[in-house]
Amino acid sequence: MYKELIEKIKEYNTIVIARHIGVDPDALCSQLALRDAIQLTYPEKKVLAVGTGSQRFLSIGKLDRLEKVENALLIICDTPDQKRIDSINFEDYSFSIKIDHHPFMQEFCNLEYIEDTATSTCEIIMKILEETELQCNSSIAELLYIGLVSDSNRFLFSSCTSDTFKRIASYIEKYPFNLEKAYEKLYFRPLNEVRLEGYIALNMKTTENGLGYVMIKDDVISSLGVDSASAGNMINNFNYIKEVIVWVTISEDIKNNQFRLSIRSRGPEINRLLEKYNGGGHKYAAGARVKTEEEAMQIISDMDQELAKYKERISEGK
């Protein structure tokens with residue numbers, strides 16, 4: 001299945017691996033693991049994993065500085081549409097490949113591997129390492145495990161199958177690593193982020209349709225000593241609130257003059273609605289970035305209307 005991918009990796013001496021803006025563990029770990037696997041297998045190649053980093057995930061691994069390249073291969077991980085790619089100019093590359101687990105949004109690479117039933121892009125990278133000559137070791141296996149655990153929310157999502165658990169067991173057996181240390185890299189956080197979580201819990205507003213949302217303005221972000229991405233990183237911590245079916249964090253990002261929305265759902269599919277606002281993602285886990293507070297609140301209004309329709313369909317047994 002991945003024959004052409006390996007042929008292209010063999011063909012190019014310079015390979016750049018990128019992913020979406022607003023880095024998360026699956027995006028970061030998939031690009032770092034793929035970089036390290038290619039470098040381990042073909043030590044003579046220059047392989048760079050690039051993009052804007054995050055203080056939150058420094059313990060997971062280091063990114064490379066983007067260099068001017070010629071006749072290079074570009075691999076995009078965990079990104080369904082071109083506009084969300086971080087720090088890359090497509091014109092600088094001779095050939096491009098996409099590896100992604102989001103529902104299809106846009107074809108923008110020369111070669112695309114999309115497996116939207118996978119838990120994560122890291123799980124797809126696991127399959128690639130199983131089925132090709134690319135090599136693995138314990139540090140690469142740890143990266144892949146961290147990314148899969150994060151995007152499956154510790155195996156809570158239905159995308160986890162028996163094959164997922166068999167694959168994980170196989171990697172742990174072949175490439176043993178310290179599970180406790182892996183979880184520390186993913187879940188250790190400073191006290192100010194815990195206080196932000198308390199702020200969200202205390203200030204979340206709810207509608208009669210089951211929408212929960214909180215607006216976190218810059219003064220709150222600054223006073224707590226966190227950054228605008230912090231609320232989105234803890235969105236899954238609010239998964240099981242009885243009165244809430246869809247929940248949203250909205251964070252003001254002064255530096256980039258925008259508002260970040262992270263959204264989760266236990267009912268209606270949300271990604272298609274967010275595509276109208278240049279956002280998107282999975283059916284039940286998605287996000288968007290808009291320029292104004294008014295646009296953010298319009299998404300809240302639209303989402304509440306979708307929830308009302310959803311509840312009506314449920315009541316009618318549709």
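The values are calculated or read from the model by the stated rules, or taken from the named source; none is laboratory data. Here the structure is a predicted model, which means the values were calculated and not measured. Note: ideal-geometry Cβ built from the backbone for every residue, glycine included; neighbour counts use all protein chains shown.
Summary of values
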quantity: Among residues of the stretch 191-209, those that are outside any helix (DSSP H, G or I) and touching a residue at least 24 places away in the same chain (Cβ under 8 Å), counted; calculated: 4
quantity: The stretch 221-276: number of residues that are crowded, with 19+ Cβ neighbours inside 10 Å and basic (K, R); calculated: 2
quantity: Candidates R272, R260, filtered to the one that is outside any loop (DSSP other than H, G, I, E, B), more than 18 Å from T292 (Cβ to Cβ) and not polar (S, T, N, Q); calculated: R272
quantity: Those residues of the stretch 166-179 which are outside any helix (DSSP H, G or I) and either assigned by TED's automatic domain parsing to the domain that holds N233 or within 27 Å of M234 (Cβ to Cβ) (or both), in sequence order; calculated: F177, N178
quantity: Members of the stretch 290-318 found to be exposed (fewer than 15 other Cβ atoms within 10 Å of the Cβ) and outside any helix (DSSP H, G or I), listed by number; calculated: K291, T292, E316, G317, K318
quantity: Filter pass, R19 being of a type in the set (K, R), on the phi < 0 side of the Ramachandran plot, outside any loop (DSSP other than H, G, I, E, B) and at pLDDT below 95; calculated: no
quantity: Residues located in the stretch 98-109, provided they are within 11 Å of I76 (Cβ to Cβ) and within 18 Å of the chain's Cα centre (by Cα); calculated: K98, I99, D100
quantity: Residue that is farthest from A201 (Cα to Cα), among those in the stretch 235-257 that are part of a strand (DSSP E or B) and not β-branched (V, I, T); calculated: D253
quantity: Which numbered condition A182 fails, given (1) outside any helix (DSSP H, G or I); (2) surrounded by 12 or more Cβ atoms within 10 Å (Cβ to Cβ); calculated: (1)
quantity: Of all residues making up the stretch 82-118, the number that are surrounded by fewer than 21 Cβ atoms within 10 Å (Cβ to Cβ), touching a His at 6+ places or on another chain (Cβ under 8 Å) and assigned to a helix (DSSP H, G or I); calculated: 0
quantity: Meets criteria (in contact with a Leu (Cβ under 6 Å, 6 or more places away or on another chain) and modelled with pLDDT of 95 or more) for Y42; calculated: no
quantity: Matching residues in the stretch 119-165 - criterion: being assigned to a loop (DSSP other than H, G, I, E, B), among the aliphatic types (A, V, I, L, M) and within 23 Å of L74 (Cα to Cα); calculated: L134
quantity: Residue count, the stretch 66-87 (criterion: β-branched (V, I, T) and more than 17 Å from Q106 (Cα to Cα)); calculated: 1
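So that you can scan it fast, the table gives a plain yes or no per residue for (1) among the hydrophobic types (A, V, I, L, M, F, W, C); (2) out of contact with any strand residue (DSSP E or B) (no Cβ under 8 Å at 6 or more places or on another chain):
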position: I172; (1), (2): yes, yes
position: I221; (1), (2): yes, no
position: N239; (1), (2): no, no
position: D253; (1), (2): no, no
position: L261; (1), (2): yes, no
position: K276; (1), (2): no, yes
position: A285; (1), (2): yes, no
